[in-house]
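Right, one structure below, let's go through it.
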Amino acid sequence: SSSRDYTFIDDIVNGVVRAIDRPYPYQVFNLGKGSGTSLKEFISIVEKHVGKPANIKVMPDQPGDVPYTCADVSKARDLLGYAATVPFDEGIRRTVEWYKTEYANSICAEPESGLRKIPTFAELKRQKKDVVKEETRNEAYGLDLDAPPSPTGDSTLTLPKSFKMKKFAPIGGMFLKA
């Protein structure tokens, strides 16, 4: 099982602000927790805070992957007064809480039914095609995602007249109907 120096974002931001706010130009500082967390412990803590067991598929080690990484934060501690303060378990708890209250409710909520499953990339792509097909069906011209390049070399594509940007939210280069 591998071990990594997982660090909560607040601690990293604290270190960056300290580096900006001190008279050490052109210095490189390692920021991190300064201790490792095993993958097994990581999974166990995530399961605890999510309230569900993980679906685990054990895979062989990846080429070039190192079994243990940990930041040496001694320079940051000595020169910046930096120390990570959020324990790993607490960071996972906060992340799960954020996801449940902010991300899931604001990005992935449907007003009538509450939360829904976060779409996969394939679902987003399929949904984008469905939206564009519907738009082009109602217009004389539109954006054809599957059209071959123009023989004239013109790469300009026209969106349907009914396309309203405010109806769509960009996610990873895709558009989802709001």
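From Asp61, Asp21, Asp10, which residue is closer than 22 Å to Tyr99 by Cα and open to solvent by 60 Å² or more (accessible area, probe 1.4 Å)? That would be Asp10, the only listed residue that is closer than 22 Å to Tyr99 by Cα and open to solvent by 60 Å² or more (accessible area, probe 1.4 Å). When Phe42 is tested against (1) open to solvent by 50 Å² or more (accessible area, probe 1.4 Å); (2) touching a residue at least 60 places away in the same chain (Cβ under 8 Å), just one condition goes unmet, and that condition is (2). Within the range 24-36, is even one residue out of contact with any Asp or Glu (no Cβ under 9 Å at 6 or more places or on another chain), within 23 Å of Glu97 (Cβ to Cβ), surrounded by 16 or more Cβ atoms within 10 Å (Cβ to Cβ) and modelled with pLDDT of 90 or more? No, the range 24-36 contains no residue that is out of contact with any Asp or Glu (no Cβ under 9 Å at 6 or more places or on another chain), within 23 Å of Glu97 (Cβ to Cβ), surrounded by 16 or more Cβ atoms within 10 Å (Cβ to Cβ) and modelled with pLDDT of 90 or more.
State whether one or more residues within the range 66-82 are free of Cβ contacts under 8 Å to residues at least 40 places away in the same chain, exposed (fewer than 14 other Cβ atoms within 10 Å of the Cβ) and over 24 Å from the mean Cα position of the chain (by Cα). Yes, the range 66-82 contains at least one residue that is free of Cβ contacts under 8 Å to residues at least 40 places away in the same chain, exposed (fewer than 14 other Cβ atoms within 10 Å of the Cβ) and over 24 Å from the mean Cα position of the chain (by Cα).
The values are calculated or read from the model by the stated rules, or taken from the named source; none is laboratory data. Owing to the predicted nature of the structure, the values given are computational and were not obtained by experimental measurement. All Cβ positions, even for glycine, are placed from backbone atoms using ideal geometry, and neighbour counts span all protein chains on display. When the accessible area is computed, the model is the full protein with side chains, heavy atoms only, and any ligands, DNA or RNA have been set aside. Shrake-Rupley method; radii C 1.70, N 1.55, O 1.52, S 1.80 Å.
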